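Student: Supplied in structure tokens, the structure appears directly below.
The values are calculated or read from the model by the stated rules, or taken from the named source; none is laboratory data. In this text, all values refer to a predicted model and were calculated from it rather than measured experimentally. As a convention, Cβ positions derive from the backbone with ideal geometry for all residues, glycine included, and neighbour counts pool all protein chains shown. Areas reflect the complete protein model, heavy atoms only, side chains present, ligands, DNA and RNA absent. Shrake-Rupley method; radii C 1.70, N 1.55, O 1.52, S 1.80 Å.
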Amino acid sequence: MDSMAAPLPLPALERLVAALIAAELNAGGRRLNGAEVARWDGTQRLDAEGLALDSLELLACGAAVNAFFHLHESGIEDMLLLERTIAGWARLVHRAQQEAFARLTFTTSGSTGTPKPCTHDIATLEEEVAFFAGRFAGRGRVVALVPPHHIYGFLFTVLLPRRLDVPLLDARGLSAGALRRALRGDDLLVAHPTSLLVLQRSLGGLPAGMIVTSSTAPLPATLHVAMRAMGAAEVMEIYGSSETAGIATRTTSEGPFHLLPRWCAGGAEEEASVVERATGREFPLPDRATWPAARALHLHGRKDEAVQVGGVNIFPRALEARLRALPGVADCALRLDTSLPEPRLKAFLVPAQPAQGAALVAEVEAHCRSHWSAPERPVRITHGPALPRNAMGKPRDWSRDEEDVALEGVFTNSRDAAA
């Protein structure tokens, strides 16, 4: 029989419900950024007096909350439709957790197709958080720059503050000035590389003694060093996935990661995996990896060629297929433009009718603006008679200097990047 966990506190449930609703609405075409959602509280209405959810949106949001919290196990899921505030939904979740609270189901981004559900036992997640609670004992507060409904945000901004018995500050809705005034030396700042890059550019320094965690994407060595130079006493990079939760950590800007207690080394290279110590179950890693020591691993890039934009895994090959399906596109290529302060995608189009190149660029840009999420959209679109190739005939990158036509997107502003 599944072990029962104590219900989550209502403020945490309100944050989770808000994040799940926002994610579902964004998947349906709305454009709600994290700062806006962070300002919602329990009084936020879902009906015409607030978010104005229509009947289909209400059903979709209710289904997302039900799937995440497993409300159907207590038979309470239909009652969501009778409530019209975030607090009302949170109270129902709390009531359900008093009857049964053993599992949660997180969802992958779905960048390659249908989002994948990943179910975790709360007991296993609590064990991981117990390890980190020992690691971060003495912190006076957790400061969140990530949403709570993904596995990293849930562990570090929902379970960890409860385990440490410290308050949480959701800082996603704060301006740079307000955040500068709010930060303290005893804070644990839970972030991802994009939010840390914004801090580097907008804050002169950090209170001495702060500890910073980063996950969801590789943390550039230069950014790790910059956070230390700004005042952080420690910067911990956490490697994991929606399927596994945390796998390994490191506190150096380079070098190997070290496994969390739950895991043992598995396969290497393309067959890289970890093995759960308690069960012997093997989990494939999303990255190629080698093992320089029994509990240390080096990462060597994604197996699926994913790139990270704003902390989200993006799969350029899948997006290229979507572009090729558009009228007028004979061929295309997508690459990560690392020359930008915040890396974003860029696109190169080969028009079916070369004379219509400029018009095609405008049409594709409008299509992406309307139908693609912010991390997926190319910020610069170029066209030419053929895809760029090197002397050996292999695909190569392209620079601004050789672009025939470049359409500068507005997506590089910080407000859109946070969406």
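Student: Rounded to the nearest 500 deg cm²/dmol, what is the calculated helix-only ellipticity per residue at 222 nm for the chain, with -39500 (n - 2.57) per DSSP H run of length n ≥ 4? Walk me through the numbers before you get to the answer.
Tutor: Working: 13 runs with 130 residues, N = 419.
Estimated from H runs of four or more residues: -9000 deg cm²/dmol.
Student: Okay, next question. Decide, for region 1-125, between rounded, prolate and oblate: order the square roots of the alpha carbon gyration tensor eigenvalues as a ≥ b ≥ c, take rounded if a/c falls under 1.5, and otherwise choose prolate if a/b is larger than b/c, else oblate. Provide the component values of the computation, followed by the final result.
Tutor: Details: a/c = 1.71, a/b = 1.27, b/c = 1.35.
In terms of gyration-tensor shape, oblate.
Student: Rounded to the nearest 5, what % of DSSP beta bridges with both residues in the chain are antiparallel?
Tutor: Working: 42 of 62 bridges.
Given both bridge residues lie in the chain, the antiparallel proportion sits at roughly 70 percent.
Student: Counting pairs of alpha carbon atoms under 8 Å apart in space and at least six apart in sequence, what relative contact order in percent does the chain give? Walk me through the intermediate numbers first.
Tutor: Values: 750 pairs, mean separation 41.1, N = 419.
That works out to 10 percent.
Student: Which one, Gln97, Pro218, Trp263, projects farthest toward the positive side of the charge dipole computed for the chain from Cβ point charges (K/R +1, D/E -1)?
Tutor: In the chain, that residue is Pro218.
Student: Given Cβ point charges of +1 (Lys, Arg) and -1 (Asp, Glu) and nothing else, what value in debye, to the nearest 20, does the dipole of the chain about its Cα centre take? Can you show the working numbers first?
Tutor: Details: 43 positive and 48 negative charges, 183 e Å.
With Lys and Arg at +1 and Asp and Glu at -1, about 880 debye.
Student: Let me ask something else. By its C-alpha gyration tensor, with a ≥ b ≥ c as the square roots of the eigenvalues, how is region 140-220 shaped: rounded for a/c under 1.5, else prolate for a/b larger than b/c, else oblate? Each step should come with its number before you reach the end.
Tutor: Values: a/c = 1.66, a/b = 1.19, b/c = 1.40.
Verdict is oblate for region 140-220.
Student: When only Cα pairs under 8 Å and 6 or more residues apart are kept, what is the percent relative contact order across region 180-273?
Tutor: Numbers: 151 pairs, mean separation 19.9, N = 94.
In percent, rounded to a whole number, it is 21.
Student: Also, quick follow-up: In the chain, carbon and sulfur make up what percent of the accessible area (probe 1.4 Å)?
Tutor: Details: 9950 of 18620 Å².
Here carbon and sulfur together make up 53 percent of the probe-accessible area.
Student: Could I ask something else about it? Quantify how much of the Cα-Cα distance distribution of the chain extends past 37 Å, in percent. Numbers along the way, then the final one.
Tutor: Details: 23338 of 87571 pairs.
Within the chain, distances greater than 37 Å cover 27 percent of Cα pairs.
Student: Net charge near Asp47: determine it from the other residues with C-beta under 12 Å of the C-beta of Asp47, scoring Lys and Arg +1 and Asp and Glu -1.
Tutor: Working: positive: Arg45, Arg84; negative: Glu49, Asp54, Glu57, Glu83.
Computed value for this residue: -2.
Student: For region 1-158, what is the charge dipole size about the Cα centre, in debye to the nearest 20, if Lys and Arg each add +1 at the Cβ and Asp and Glu each add -1 at the Cβ? Display every interim value, and only then the final one.
Tutor: Details: 13 positive and 18 negative charges, 121 e Å.
That gives region 1-158 a dipole magnitude of about 580 debye.
Student: If you don't mind, there's one more thing I want to ask. In percent, how large is the relative contact order of region 1-73, given Cα pairs closer than 8 Å and 6 or more residues apart?
Tutor: Relative CO of region 1-73 lands at 31 percent.
Student: In Å and from the alpha-carbon atoms only, list the Rg and Dmax of region 274-349.
Tutor: 17.3, 54
Student: Next question. Which value in nm describes the separation of the simple spin-label points at Ala318 and Thr279, placed 7 Å from the Cα toward the beta carbon?
Tutor: Here the modelled spin labels are 2.4 nm apart.
Student: Still on this model: Could you tell me which residue out of Ala63, Thr85, Gly140 lies farthest along the dipole of region 50-144 toward its positive end? Charges go on the beta carbon: Lys and Arg +1, Asp and Glu -1, centred on the Cα centre.
Tutor: Among Ala63, Thr85, Gly140, the one farthest towards the positive end of the dipole of region 50-144 is Gly140.
Student: Under unit Cβ charges (Lys, Arg +1; Asp, Glu -1), what dipole magnitude, rounded to 20 debye, does region 282-405 have relative to its Cα centre?
Tutor: Details: 17 positive and 16 negative charges, 58 e Å.
About 280 debye.
Student: Moving on. Just going by the charge dipole of the chain, with Lys and Arg at +1 and Asp and Glu at -1 on Cβ, which of Ala191, Ala19, Leu46 is farthest out on the positive end?
Tutor: Value computed over the given set: Ala191.
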